[in-house]
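Have a look at the structure below, then the notes.
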Amino acid sequence: MENFVGDLSLKKYEDYVNVFDALSHPARIKIIGILAEGRQYVSELARLVNISRPLLYMHLKKLEAARLVTSTMELSDSGKAMKFYALEDFDLRITREMLRQLSEHIIIENPDGKER
């Protein structure tokens with residue numbers, strides 16, 4: 001099965017870099033685990049992850065850039081704006097062959113500026 005995140009079909013090296021980067025921190029994995037149970041209001045999500053809201057927003061920004069989560073603003077009954085986050089649908093399978101194919105698109109330059 002082809003890997004996808006939300007409506008994005010992962011095909012290019014850069015697509016995977018964003019996802020791998022987003023999944024590279026334990027707090028972001030924790031956020032994904034919580035959102036897998038259902039959408040959450042920002043303040044409640046910060047409490048569940050046990051981090052400050054500014055730090056939570058930093059992690060959510062990475063997850064949104066990778067298209068793993070989405071956000072919506074809603075008004076409460078009292079008229080207060082509330083931001084909710086939800087997990088996108090995704091299916092990721094990492095195999096040796098997939099990583100081998102991605103590696104073909106990576107160019108690493110030596111300090112002398114020569115490519116390898």
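Since every read-out is calculated from the coordinates, none of them should be taken as a lab result. In this text, all values refer to a predicted model and were calculated from it rather than measured experimentally. As a convention, Cβ positions derive from the backbone with ideal geometry for all residues, glycine included, and neighbour counts pool all protein chains shown.
Considering the chain as a Gaussian network with a 10 Å cut-off on Cα pairs, which listed residue, Asp77, Asp21, Asp91, attains the greatest mean-square fluctuation?
Asp77
How large is the helix-only mean residue ellipticity at 222 nm for the chain, computed as the sum of -39500 (n - 2.57) over DSSP H runs with n ≥ 4, divided by its residue count, in deg cm²/dmol to the nearest 500?
For the chain, the value works out to -12500 deg cm²/dmol.
Any chance you could run the full-extension gain for Arg96 through Met82? It's 0.36 nm times the residue separation minus the Cα-Cα distance, nm to one decimal.
0.8 nm
Choose one answer from Val49, Val69, Val19: the residue with the largest mean-square fluctuation in a GNM of the chain with alpha-carbon springs under 10 Å.
Val49
Got a sec to turn the phi values of the stretch 35-48 into Karplus ³J(HN,Hα) couplings, 6.51 cos²θ - 1.76 cosθ + 1.60 with θ = phi - 60°, whole Hz, x for Gly and Pro?
Ordered by residue, 3J(HN,Hα) equals 5, 5, 7, x, 5, 9, 6, 3, 4, 5, 5, 4, 5, 5 Hz.
Using Cα-Cα distances under 8 Å and only pairs 6 or more residues apart, what relative contact order does the chain have, in percent?
Relative contact order of the chain: 30 percent.
For the chain, which span is the longest to avoid every loop-located (per DSSP) member of GluC sites (Glu not before Pro) having at most 12 other Cβ atoms inside 10 Å?
38-103
Label-point separation (nm) for Glu104 and Lys30, each offset 7 Å from Cα along Cα-to-Cβ?
Result: 4.1 nm between the two label points.
Between Asp89 and Glu44, 0.36 nm times their residue separation minus their Cα-Cα distance comes to what?
Working: separation 45, 0.36 × 45 = 16.20 nm, distance 2.16 nm.
Fully extending the segment from Asp89 to Glu44 adds 14.0 nm.
How many lysine pairs are close in the stretch 8-92, with Cα atoms under 23 Å apart and the two 8 or more places apart or on different chains?
10
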